[in-house]
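Inspection log for the structure reproduced underneath, given as structure tokens.
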């Protein structure tokens, strides 16, 4: 499936803006999809909708980067978990930092996490992009690791990321590295790629378990040089293997979980629209997924790159009742266009690229116990570590009144 | 490079200049007495020189974990040592009288990585060129530097090696040509542990190094060459020697080993030569190669070997490697110094450094210092074919 017709979808969608600068409602899928698109096995074709409403700024603490004069750098998805009355968040910029507090609007100072061992992980560039807390309190996580000098000496990028699996028994202050779980064949790089970031590899991901705790599903981004393997990929790791994960994940390929997580091929869930290795490359990347208790569906928010430098083309959303059915995701629909993104990140002190393009959209539930993987009817939408929007989910066929969403502008 | 995390406290020791021609019997070897390893080396029609080793006062480099290149600027000798993945520069009037070491600055990213400068070459205009062995991290196992798969890059300095411009990778194996279940704790693939010398007509720089390829047929001592004219923009312009020609791209291309392994390096019983150190010997008018010889994939050694070749551009011209020091001889040299057990046992990184003015690790005359792991207690004297050993002359 190719999404070459998004502009048509956008035109239909923009027409549905409700009251206020940033208050908008998504219509049912069929209303915004261009002719010829299909709902990809999603129930009866009816989709939830969302309402975005301005709200007071919540700024993730992020990572201070004095050499760039950045106060709140956020350079990936930022996972959240709770332990009792305390919420923990990880922000990463070359290295993960942990913050904690009473809620996501009241977090303390970031402190770098430590990886156990001989110090190799602490020396390398890594981002913790997803966590999950087990019933016994063990925190599992996955990191995006970017090898150095993949193509050129004395340069970090372009790189070819891979994904490692970690666990912590102290809420993420210290981590044990359990090995790589998802990576591309290291020879599958294109050092002539127009991308300044990625010559290959797989990263920029999230993971969460299915409802039965049988598998963890890792949804991420494939930067493979081959067009047919670029886009949003998925792999799964048996829940029972969470303490011995390396080599146990399988990638989704041609309709089955048949390819090894290490070096195997992928069939993208959302394929690239244009070859990412070319200047005009276009694809979705950097998914963030949560289980929505109100909708009883999984919700994915996505970056949409309109060139190989990952220039933002808006923030998109997709829905799926079954995390284990990669074919079940609805056609991504734009919920914020690029102008709206820029307004949201005005005045931010994160990386200019992230602010300009709205990288790393993420929905975080605001109730106690909710997180970036669990949200109810209302949550916060973050881009580049900043949230100026409340997001309200509306069930299919549910009548949404603007008054129900609270005061508008 | 091995033992990237070994920290050996060193106390710099001054040593007297070697007494040329004074030989002590217990360490005198002629290459013709060596063992018959290196069967893949092509026999040559030349008569093979010999080398005599004689005891001399101790001389120590700083901590060493690779070949240590030397160059001169006027009357000052510069030595580059690499250890723990970082590079250090020291200087002095000769190899036995070097000052304190200073850490070299390679580049913002390079300084964070594990890199060993293993060879230098000084152009007539004073520009110093060099090549480093880089070991990527976390190749097979996360959160571990080892095992790795090294690759080789080219660098340039206008200040005798204190700072460098990184001109890019020039020699690497296909990155998917690794074997993470190799028996080697060090290398699961890659190419590194090398030496560089120019030919006599200064047309090419020749790289002789070690291939740790998972495929048996591509393991051992490999060769590649780069046009001197390309030294300021070399990436993609280096060629590996393969099946009798300089025909394979040095980046990702195949190699045909000069000295192939005796046994697969990826297996517990693996055996091969590795870590060559080359010099032009002005007395012999031949190139001389010193070699480690590993008898297992942990690189335990059974001795130090030597080989000769009149034409460096002919990789088939190297004489069969002959042992000049056995394991007991290595350990005798290493006795009493404070190095890691593997260095003490194996004397990794044998190299000859000329002891005359202007001489280096790549230019040696009739005599030089033989260093093992930065430790020298032996003078090496080269004898032309048929020449009577110097010990007899001294008498």
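Of all the listed residues (B:142, B:235), the sole one being at pLDDT below 95, within 11 Å of chain A (Cβ to nearest Cβ) and either under 20 Å from residue B:123 (Cβ atoms) or buried (at least 24 other Cβ atoms within 10 Å of the Cβ) (or both) is B:235.
A search for C-beta distances below 6 Å between a residue of the stretch B:336-348 that is on the phi > 0 side of the Ramachandran plot and any residue that is outside any helix (DSSP H, G or I), counting only pairs 6+ apart in sequence or on different chains, returns B:347/B:372; B:347/B:373. Looking for something outside any strand (DSSP E or B), buried (at least 17 other Cβ atoms within 10 Å of the Cβ) and over 18 Å from the mean Cα position of the chain (by Cα) - is there at least one such residue anywhere in the stretch A:348-363? Taking every residue of the stretch A:348-363 in turn, at least one turns out to be outside any strand (DSSP E or B), buried (at least 17 other Cβ atoms within 10 Å of the Cβ) and over 18 Å from the mean Cα position of the chain (by Cα). Of all the residues in the stretch A:199-218, those that are surrounded by fewer than 17 Cβ atoms within 10 Å (Cβ to Cβ) and within 14 Å of chain B (Cβ to nearest Cβ) number 0.
Test residue A:177 against the stated conditions and say whether it is at pLDDT below 95 and facing chain B (nearest Cβ under 9 Å). Spelling it out, it is not the case that residue A:177 is at pLDDT below 95 and facing chain B (nearest Cβ under 9 Å). Being crowded, with 24+ Cβ neighbours inside 10 Å, closer than 26 Å to residue A:150 by Cβ, within 14 Å of chain A (Cβ to nearest Cβ) and touching a residue at least 24 places away in the same chain (Cβ under 8 Å) is not true of residue B:83.
Is it fair to say residue B:150 is at the interface with another protein chain (Cβ under 8 Å from one of its Cβ atoms), within 30 Å of residue A:176 (Cα to Cα) and either touching a helix residue (DSSP H, G or I) at 6+ places or on another chain (Cβ under 6 Å) or touching a residue at least 24 places away in the same chain (Cβ under 8 Å) (or both)? Considered against the rule, which asks whether it is at the interface with another protein chain (Cβ under 8 Å from one of its Cβ atoms), within 30 Å of residue A:176 (Cα to Cα) and either touching a helix residue (DSSP H, G or I) at 6+ places or on another chain (Cβ under 6 Å) or touching a residue at least 24 places away in the same chain (Cβ under 8 Å) (or both), residue B:150 comes out as no.
One line per residue, one yes/no per condition, for (1) within 21 Å of the chain's Cα centre (by Cα); (2) closer than 30 Å to residue A:142 by Cβ:
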site: B:85; (1), (2): yes, yes
site: B:101; (1), (2): yes, no
site: B:104; (1), (2): yes, no
site: B:108; (1), (2): no, yes
site: B:119; (1), (2): yes, no
site: B:124; (1), (2): no, no
site: B:127; (1), (2): no, no
site: B:139; (1), (2): no, yes
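Based on this model, can you work out whether residue B:3 counts as at pLDDT 50 or above and assigned to a loop (DSSP other than H, G, I, E, B)? In short, yes.
Yes or no: residue A:196 farther than 20 Å from residue A:122 by Cα and within 14 Å of chain B (Cβ to nearest Cβ)? If you could, list the steps in order and put the result at the bottom.
Details: farther than 20 Å from residue A:122 by Cα: yes; within 14 Å of chain B (Cβ to nearest Cβ): no.
When the stated conditions are applied, residue A:196 does not pass them.
Quick one: would you say residue B:208 is touching a helix residue (DSSP H, G or I) at 6+ places or on another chain (Cβ under 7 Å) and away from every other protein chain (no Cβ under 14 Å)? When the stated conditions are applied, residue B:208 does not pass them. Across the stretch B:268-288, the number of residues qualifying as closer than 30 Å to residue B:147 by Cα and outside any strand (DSSP E or B) comes to 3.
Going by what's in this entry, would residue A:171 be described as buried (at least 17 other Cβ atoms within 10 Å of the Cβ) and touching a helix residue (DSSP H, G or I) at 6+ places or on another chain (Cβ under 6 Å)? Against the criterion (buried (at least 17 other Cβ atoms within 10 Å of the Cβ) and touching a helix residue (DSSP H, G or I) at 6+ places or on another chain (Cβ under 6 Å)), residue A:171 does not qualify.
The residues of the stretch B:160-175 that are more than 10 Å from chain A (Cβ to nearest Cβ), buried (at least 18 other Cβ atoms within 10 Å of the Cβ) and either free of Cβ contacts under 8 Å to residues at least 40 places away in the same chain or over 17 Å from residue B:254 (Cβ atoms) (or both), listed by number, are B:160, B:161.
Looking at this structure, is residue B:257 farther than 19 Å from residue B:353 by Cβ and under 20 Å from the mean Cα position of the chain (by Cα)? Yes. Of all residues in the stretch B:95-111, those being surrounded by fewer than 17 Cβ atoms within 10 Å (Cβ to Cβ) and more than 15 Å from residue B:165 (Cα to Cα) number 5. Checked against (1) on the phi > 0 side of the Ramachandran plot; (2) out of contact with any helix residue (DSSP H, G or I) (no Cβ under 7 Å at 6 or more places or on another chain); (3) more than 14 Å from chain B (Cβ to nearest Cβ); (4) surrounded by fewer than 18 Cβ atoms within 10 Å (Cβ to Cβ), residue A:279 passes all but condition (1). Scanning the stretch A:292-319 for residues that are in contact (Cβ under 8 Å) with a residue 40 or more places away in the chain and part of a loop (DSSP other than H, G, I, E, B) yields A:293, A:294, A:295, A:308, A:309, A:310, A:311.
Test of understanding: among B:123, B:119, which residue is touching a residue at least 24 places away in the same chain (Cβ under 8 Å), more than 12 Å from chain A (Cβ to nearest Cβ) and in contact with a helix residue (DSSP H, G or I) (Cβ under 9 Å, 6 or more places away or on another chain)? Reasoning before the result, please.
Values: B:119 fails: in contact with a helix residue (DSSP H, G or I) (Cβ under 9 Å, 6 or more places away or on another chain).
Of the residues listed, the single one that is touching a residue at least 24 places away in the same chain (Cβ under 8 Å), more than 12 Å from chain A (Cβ to nearest Cβ) and in contact with a helix residue (DSSP H, G or I) (Cβ under 9 Å, 6 or more places away or on another chain) is B:123.
So, residue B:156, is that one more than 10 Å from chain A (Cβ to nearest Cβ) and more than 23 Å from residue B:226 (Cα to Cα) or not? First the steps, then the outcome.
Values: more than 10 Å from chain A (Cβ to nearest Cβ): yes; more than 23 Å from residue B:226 (Cα to Cα): no.
Judged against the criteria, residue B:156 is not a match.
Residues in the stretch B:67-78 that are at negative phi and outside any strand (DSSP E or B): B:67, B:68, B:69, B:75.
Kindly evaluate residue B:178 against the criterion of being facing chain A (nearest Cβ under 9 Å) and closer than 22 Å to residue A:190 by Cβ.
Numbers: facing chain A (nearest Cβ under 9 Å): yes; closer than 22 Å to residue A:190 by Cβ: yes.
Considered against the rule, which asks whether it is facing chain A (nearest Cβ under 9 Å) and closer than 22 Å to residue A:190 by Cβ, residue B:178 comes out as yes.
The values are calculated or read from the model by the stated rules, or taken from the named source; none is laboratory data. As the structure is a computational prediction, the values presented were derived from the model and not from experiment. Ideal geometry is used to build each Cβ from the backbone, glycine not excepted, and the neighbour counts take in all protein chains shown.
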